[in-house]
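One structure below.
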Amino acid sequence: MAKLYFYYSTMNAGKSTALLQAAHNYGERGMRTLLYTAKLDDRAGGKVASRIGISSEAKHFQPSEDLHREIFEAHEQGKLACVLVDEAQFLTVAHVQQLARVVDELGIPVLCYGLRTDFLGQLFEGSGQLLAWADELVEIKTVCHCGRKATMVVRVGAGNEVETAGNQVEIGGNERYVSLCRRHFTRAIASGKLDA
């Protein structure tokens, strides 16, 4: 039975690596997949790319697109075994509902990978909708510098100062974001500095 999955975590937990491994596993069995990533994140040239150096071509989603229609048309051209979505935090509410229809009406599993919260601890639109609509929620774990499970992320500027205001979306990697446990996240937001 097809399901809508949300694999979530903070930065540097291996979400894209897990997505690429899942796509590889389907491919090894001769099963066709469709990969998506957010158009606004162009760091990897529009590919799904992992920090460990592996990548794959992907279609791009943006707010105006009807993912159900696109996936239906691709499925008509050749049976799809699975749809995999990277950077799922950037999905819209409508996108998540369209992906749920892909699962329910077309019987195709959809695996979404993304951040749960932003640099201020607030849900992204796509993540919030996936938390509400997904059949399965799976946390991909990573660790804070203290050894506890990292569940939050902060954005840092010059001199490792923690930013406590700004646009929710700013594309960046290790140079801008640090994953922390809730305790160190709270301290960092309160003090404006990373706690050693």
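The values are calculated or read from the model by the stated rules, or taken from the named source; none is laboratory data. As the structure is a computational prediction, the values presented were derived from the model and not from experiment. Every residue, glycine as well, gets a Cβ built from its backbone with ideal geometry; the counts of neighbours run over all protein chains shown.
Quick look at the numbers
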item: Test: residue 117 is surrounded by 16 or more Cβ atoms within 10 Å (Cβ to Cβ) and of a type outside the set (Asp, Glu); result: yes
item: Matching entry among 153, 103 (being among the β-branched types (Val, Ile, Thr), in a helix (DSSP H, G or I) and crowded, with 16+ Cβ neighbours inside 10 Å); result: 103
item: Residue that is farthest from residue 168 (Cα to Cα) [pool: residues in segment 59-88 that are free of Cβ contacts under 8 Å to residues at least 60 places away in the same chain and touching a Gly at 6+ places or on another chain (Cβ under 7 Å)]; result: 60
item: Residues (touching an Asp or Glu at 6+ places or on another chain (Cβ under 9 Å) and either part of a strand (DSSP E or B) or among the acidic types (Asp, Glu) (or both)) located in segment 112-126; result: 112, 113, 114, 115
item: Test: residue in segment 135-145 that is assigned to a strand (DSSP E or B), of a type in the set (Asp, Glu), at pLDDT 90 or above and under 29 Å from residue 31 (Cβ atoms); result: yes
item: Matching entry among 108, 52 (being outside any helix (DSSP H, G or I) and either over 30 Å from residue 162 (Cβ atoms) or at pLDDT 95 or above (or both)); result: 108
